[in-house]
Amino acid sequence: MKKVLLSLFGAMLIVGSSAGAAFASGDTPDRANKITLSIETGYVSGTDVDYWYFIPDRSGSYRIQLTGLEQDADLYLYDKFGNDLWELGKSEKSGIKNEEIIYNLDQGTKYYIKVESHNGVRTPYTLDIDRN
């Protein structure tokens, strides 16, 4: 089991879960498209980032995984307080390695997930969220 890195740093993106989950992706949280799958794919590069949101249908531990990378990318989890996003967890492994965040999420709370290219390189990814 990997550690979740925690900090109180304002930013945007990445959160999720599986069954009963709703996800969305876009360049900003306001432009996110709502979808209902627990596994999503995408590309990030340069200054492009992908944002997703998730509202768990029950409280508990969730695992957010970023796989399928061809280049280095990072994963972030946020909670929204008013108009600000607060970083809850991040996975920033160097090199082409799967990223993972494990975090206890509260039912009915909207969480954000961010996928970001490291050093601006283009890479595909698969984002998977499930109950841990």
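The values are calculated or read from the model by the stated rules, or taken from the named source; none is laboratory data. Note that the structure is predicted; figures quoted are calculated from it, not measured. Cβ coordinates were reconstructed from backbone atoms using ideal geometry, including for glycine residues, and neighbour counts include every protein chain displayed.
For the condition among the acidic types (D, E), touching a strand residue (DSSP E or B) at 6+ places or on another chain (Cβ under 9 Å) and under 19 Å from D27 (Cβ atoms), what is the one hit in D72, D48? Break it down into steps so the answer makes sense when it comes.
On the way: D72 fails: under 19 Å from D27 (Cβ atoms).
Going through D72, D48 in turn, just one is among the acidic types (D, E), touching a strand residue (DSSP E or B) at 6+ places or on another chain (Cβ under 9 Å) and under 19 Å from D27 (Cβ atoms): D48.
Residues D50, D27: which one is at pLDDT below 85 and among the acidic types (D, E)?
That would be D27, the only listed residue that is at pLDDT below 85 and among the acidic types (D, E).
When only residues in segment 76-112 that are in contact with a Pro (Cβ under 8 Å, 6 or more places away or on another chain) and of a type in the set (A, V, I, L, M, F, W, C) count, which is modelled with the highest pLDDT?
Ranking the candidates gives L105 first.
Any residue in segment 53-73 that is of a type in the set (A, V, I, L, M), modelled with pLDDT under 95 and surrounded by fewer than 22 Cβ atoms within 10 Å (Cβ to Cβ)?
yes
Condition test on K2, is it at pLDDT below 70, among the basic types (K, R) and either in a loop (DSSP other than H, G, I, E, B) or buried (at least 19 other Cβ atoms within 10 Å of the Cβ) (or both)?
yes
Assess whether K97 counts as being closer than 20 Å to S45 by Cβ and surrounded by fewer than 21 Cβ atoms within 10 Å (Cβ to Cβ).
The answer is yes for K97.
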